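Input: a single structure, listed below in structure tokens.
The values are calculated or read from the model by the stated rules, or taken from the named source; none is laboratory data. Quick caveat, the model's predicted, so the values are computed rather than measured. All Cβ positions, even for glycine, are placed from backbone atoms using ideal geometry, and neighbour counts span all protein chains on display.
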Amino acid sequence: MDSGKQTVSISFNELPKNLAQLQALPESSLDTPFKTAALTVCALCAYPSDKDAAIEMLNFLKGPQPLSPYDIQFLRDRFMDGKTYVPVSYFKGAVPGNNYVPSEPFTIEVFSNPYSYDNEGYAKLYIRSGGADTERPITLRKRGSDGKWFLWEQMLLADIRKPVAADPWA
């Protein structure tokens, strides 16, 4: 893999609402860690409207190691306070000032850096949120038998700035 900084831009005309729609996308080949990272954001965006569908999509992206009960509780906790805007903030154009309404098509940029592939079989990539000052990490793991990349760990649901509509100080 490329050991330098790389940026991959991936666009979606619409976001998948269930596993069948996710699997119909060309990115579901999971043949690069960048595709799997972008699809993870799509799956997280589905959680507020259909948590079961989002969990199914995330389990597909996790491959041989599905979400644990702890992972599922973590998701529930992160969305409990109505912070449905957090995953959407990773798409271009979504910023606090427009209440995290992304530009269409839904475009996400996934970044690698010189250290992204330090651990063999893993890729630590980064995605920028329109409401955070630093890029957020997502780790993917490559399956040796077929070369597919699966979600290993994501840190995408950390707090970000509130949308202007929800910020009394805006």
Inset, instruction - Return the total of residues in the range 18-44 being in a helix (DSSP H, G or I) and either hydrophobic (A, V, I, L, M, F, W, C) or in contact with a strand residue (DSSP E or B) (Cβ under 6 Å, 6 or more places away or on another chain) (or both). - result: 15
Inset, instruction - Test each condition in (1) surrounded by 13 or more Cβ atoms within 10 Å (Cβ to Cβ); (2) in a loop (DSSP other than H, G, I, E, B) for SER103 and report the one that comes out false. - result: (1)
Inset, instruction - Search the range 71-87 for residues being out of contact with any Lys or Arg (no Cβ under 9 Å at 6 or more places or on another chain) and at negative phi, and hand back the single one that is modelled with the lowest pLDDT. - result: ASP81
Legend entry - Residue ID - surrounded by the fewest Cβ atoms within 10 Å (Cβ to Cβ), chosen from residues in the range 114-150 that are within 11 Å of the chain's Cα centre (by Cα) and in a loop (DSSP other than H, G, I, E, B): ARG128
Legend entry - Hits in the range 117-133 (condition: without any contact (Cβ under 8 Å) to a residue 24 or more places away in the chain and farther than 29 Å from PRO96 by Cα): ASP118, ASN119, GLU120, GLY121
Legend entry - Single match in TYR90, TYR117 (criterion: modelled with pLDDT of 95 or more, farther than 22 Å from GLN21 by Cβ and among the hydroxyl-bearing types (Ser, Thr, Tyr)): TYR117
Inset, instruction - Would you check if there is a residue in the range 10-22 being more than 25 Å from ALA132 (Cα to Cα), surrounded by 12 or more Cβ atoms within 10 Å (Cβ to Cβ) and among the hydrophobic types (A, V, I, L, M, F, W, C)? - result: yes
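Results for (1) under 22 Å from GLU14 (Cα atoms); (2) touching a Cys at 6+ places or on another chain (Cβ under 9 Å); (3) among the polar types (S, T, N, Q); (4) modelled with pLDDT under 95, shown as yes or no for each residue.
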site: GLY97; (1), (2), (3), (4): no, no, no, no
site: VAL101; (1), (2), (3), (4): yes, no, no, no
site: TRP152; (1), (2), (3), (4): no, no, no, no
site: ASP159; (1), (2), (3), (4): no, no, no, yes
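Rundown of residues vs (1) among the basic types (Lys, Arg); (2) closer than 24 Å to GLU120 by Cα; (3) outside any loop (DSSP other than H, G, I, E, B); (4) touching a residue at least 60 places away in the same chain (Cβ under 8 Å), yes/no style:
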position	(1), (2), (3), (4)
GLY4	no, yes, no, yes
VAL8	no, yes, yes, yes
PRO16	no, no, no, no
ALA54	no, no, yes, no
PRO66	no, yes, no, no
GLN73	no, no, yes, no
ARG78	yes, no, yes, yes
LYS83	yes, no, no, yes
TYR90	no, no, no, yes
Inset, instruction - Exactly one condition in (1) in contact with a helix residue (DSSP H, G or I) (Cβ under 9 Å, 6 or more places away or on another chain); (2) polar (S, T, N, Q); (3) more than 20 Å from ASP167 (Cβ to Cβ); (4) surrounded by fewer than 20 Cβ atoms within 10 Å (Cβ to Cβ) is not met by GLN73; state its number. - result: (1)
Legend entry - Failed condition for ILE108, given (1) surrounded by fewer than 22 Cβ atoms within 10 Å (Cβ to Cβ); (2) among the aliphatic types (A, V, I, L, M); (3) not in a loop (DSSP other than H, G, I, E, B): (1)
